[in-house]
Every structure is written in structure tokens, then in C-alpha cells.
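Structure, as C-alpha cells:
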Amino acid sequence: MVVVAVVAAVVVVVVVVVVVAIVVVVEVAAVVVVAAVVVVVAVVLVIIVVVVVVAAAAAVVVVVVVVAVVVVAVAVVVVVAVAVVIVVAVVVVVATTAVVVVVVVTTTAVVVVVVAVVVVAAVVVVVAVVVVVAVVVAVIIVAVAVVEHITHVVGRCTTQAPSECTSRHNKVAGYFHWTICKCVGLQVTETCVEYIPERVISVNSTATVISVTNTTTVWDVPVIRD
């Protein structure tokens, strides 16, 4: 009975050990399988990641290149457009400035010519008016003077008759008196301007320029005639 119990105990132990060993082996195998699967999955994932990264990098490079090309093209287009706009603006500004200058110069020339013509015409008109007015005034003055002189002379003006008219008459008559006295040999001044006639002069000398004797010259003396 003791042997059977020992054998039974040994068998149970062996069975337990075997079962435990099988379980351990199975567990180890399962762990190995899981580890292998994990490794495979990890490797696959790594490969996928690498492929994706490479593809992404390539795509990024392509995109960057494309974007760079597009950016360069757009920049070139923008630069060309800006240059064209600047050239057009410069041409427009130059053309506008030239037109403005031409218009200003033409307008200034026309204004200057018009002003010059107006000034010349005004000067001519003013000169003509002044000449006409001067002529009219001169004619009026002469006419008034002539009329006044005739009126004074005819009307025996008490102002001019004893003064101006008499003075002019006496100058002419004095010249004749001076000439007569000089011709008959009387002592007179060298010129008739300083000569003052005497009222009565008797000439008895024969040493005269003209042949006169017993002659009497009078000045400003009433003469009774037949």
C-alpha cells in the first residue's frame, strides 16, 4: 500500500511536472510565436513607414520642386507684368507731359500774341485818339485865337488894342522909322531892336544916303492931311 501510494504520488508528480512542462512549453512557444509575429509586424511596419517616408519625401520634393517652379514662374510673370506696367506708366506720363507742355506752350503763345495784338491795337487807338484830340484842340485853340484876335481888333478891345496890337504895330513902324533915319544920316542904333524913335526929328543935313533936305520925321504924332 505504501509503494502504491508512493508510485501514485510519483506518477502524480510526474504528470504535474509534464503538464507544467507542457504548459510552460506551450506558453514559451506561444510567447515565441507572439514575439515572432510582433517582430514581423514591426518589420512590416518599419518597411511601410520607410516606404511611406520615402514616398512622402519624394512627394514633398516633387511638390517643393513644383511649388518652386510655380513660384518662380509666377514671380517671373509678376516681374514682367510690373515691368510692362512701369513702362506703360512711364510712356503715359511722358506722353501726357509732352501733351501738357505743348498745350501750355501753345496756349501761352496764343495768349501772348493776342495780348500783343490787343496792346498794339490799344496803343494805336490811344495814339490816334490823342492825335485827333490834339488836332481838334489845336484847331479849336487857333480858331478861338483867330476869332478872339479878330474880335478884339474889330471891336477895338481896350485891353489888346493899347498893348499887344499897338506893340506889334509899333515894332513894324519902328523898323521903318529906324530905316528912314538911317538913310537920311541920323544917328541911330546899330540894330532896330534897341532903337527908340523920337517924336519929331528935323533933317537939314545933305550928307544922307538918299537926297533929302529940310525933312521932318515924326513918330506917334497925329498928322493933318488935306
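The values are calculated or read from the model by the stated rules, or taken from the named source; none is laboratory data. These figures come from a predicted structure and were not determined experimentally. Glycine also receives a Cβ, built like all others from the backbone with ideal geometry; neighbour counts cover every protein chain displayed. Note: areas computed on protein heavy atoms with side chains; ligands, DNA, RNA excluded. Shrake-Rupley method; radii C 1.70, N 1.55, O 1.52, S 1.80 Å.
Output the number of residues of region 165-179 satisfying the condition of being open to solvent by less than 90 Å² (accessible area, probe 1.4 Å) and either within 15 Å of residue 199 (Cα to Cα) or at pLDDT below 75 (or both).
Looking only at that region, the number is 6.
Find all pairs meeting these conditions: Cβ atoms under 8 angstrom apart; at least six residues apart or on different chains; first residue within region 66-93 and in a helix (DSSP H, G or I) and charged (D, E, K, R); second residue at pLDDT below 80 and open to solvent by 90 Å² or more (accessible area, probe 1.4 Å).
none
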